[in-house]
Amino acid sequence: MKICSSIFHCLSQMNSITYTLLSDGPFDIALRPILTWLLITNGVRFAIQAEWADLRTLKNPPTVLAHRISAAIQNYPCDLVFIHRDAERQSRTDRVREIRRAIDALSCIIEYPPYICVIPVRMTEAWLFFEEQAIRTAAGNSHGRELLDLPPPRKIESLPDPKSLLYDLLRSASGLRGRRLNNMPVSVYAARVSELIEDFSPLRQLSAFSA
């Protein structure tokens, strides 16, 4: 994923930056560490404040994308907005068009900040398989030796169900058995994985991330 030169030039004139992530679902808050890393990697050297637009807190959460973008910008004012949509059965091109149509619909209604499309091929979880130690630590067993069958990077974007695979890896990494394994809050542990990764550069070999 690259930040276009015009947006980066705008950011470089600031003393601090606040960005808002509008995502498909609550787990996708895991994208925040990745996006912050991208800004820093692209040369941002000042304070970065990351917000996640939790529209579930609104009285009537919008469902139409244009309305969701509007609600995110108005409730979480920012200098830059990242708009996330999983590609799933759609192409990246189709998702980008969908986002642009939504932005165009807003252009005569509200002012909006620069935006960047974030479109994994499947789900956000697919971007978290490259760091084995982060998975072990998130599972609460950082020194565990359980065998983890992580998918090779070249196959990550073709995984049919990244979420289930990540959950299975966390269960295996935990070393838990029986009732303790059954009671493991695996969704909570999954959300921690991206927070424990310091270098996301291995993702650059993925087509969706590079785009």
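Summed over the stretch 101-130, the residues that are loosely packed, with under 15 Cβ neighbours inside 10 Å and either touching a Phe, Trp or Tyr at 6+ places or on another chain (Cβ under 8 Å) or at pLDDT below 95 (or both) give a count of 6.
So that you can scan it fast, the table gives a plain yes or no per residue for (1) under 17 Å from the mean Cα position of the chain (by Cα); (2) closer than 25 Å to R204 by Cβ; (3) part of a helix (DSSP H, G or I):
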| position | (1), (2), (3) |
| --- | --- |
| I29 | yes, yes, yes |
| T36 | yes, yes, yes |
| A72 | yes, no, yes |
| Q90 | no, yes, no |
| I99 | yes, yes, yes |
| D104 | no, no, yes |
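Is there a residue in the stretch 74-83 that is under 22 Å from T18 (Cβ atoms) and free of Cβ contacts under 8 Å to residues at least 40 places away in the same chain? Yes, the stretch 74-83 contains at least one residue that is under 22 Å from T18 (Cβ atoms) and free of Cβ contacts under 8 Å to residues at least 40 places away in the same chain. Scanning the stretch 177-184 finds no residues that are of a type in the set (A, V, I, L, M, F, W, C), surrounded by 10 or more Cβ atoms within 10 Å (Cβ to Cβ) and within 19 Å of the chain's Cα centre (by Cα). Condition first: in contact (Cβ under 8 Å) with a residue 40 or more places away in the chain, buried (at least 19 other Cβ atoms within 10 Å of the Cβ), of a type outside the set (A, V, I, L, M) and out of contact with any Ser or Thr (no Cβ under 6 Å at 6 or more places or on another chain). Can you find one or more residues in the stretch 50-68 that meet it? Looking through the stretch 50-68, at least one residue is in contact (Cβ under 8 Å) with a residue 40 or more places away in the chain, buried (at least 19 other Cβ atoms within 10 Å of the Cβ), of a type outside the set (A, V, I, L, M) and out of contact with any Ser or Thr (no Cβ under 6 Å at 6 or more places or on another chain).
The values are calculated or read from the model by the stated rules, or taken from the named source; none is laboratory data. Just so it is clear, the structure is predicted and the values come from calculations on it, not from any experiment. For neighbour counting, all protein chains shown are included, and Cβ atoms are generated from backbone atoms with ideal geometry for every residue, glycine included.
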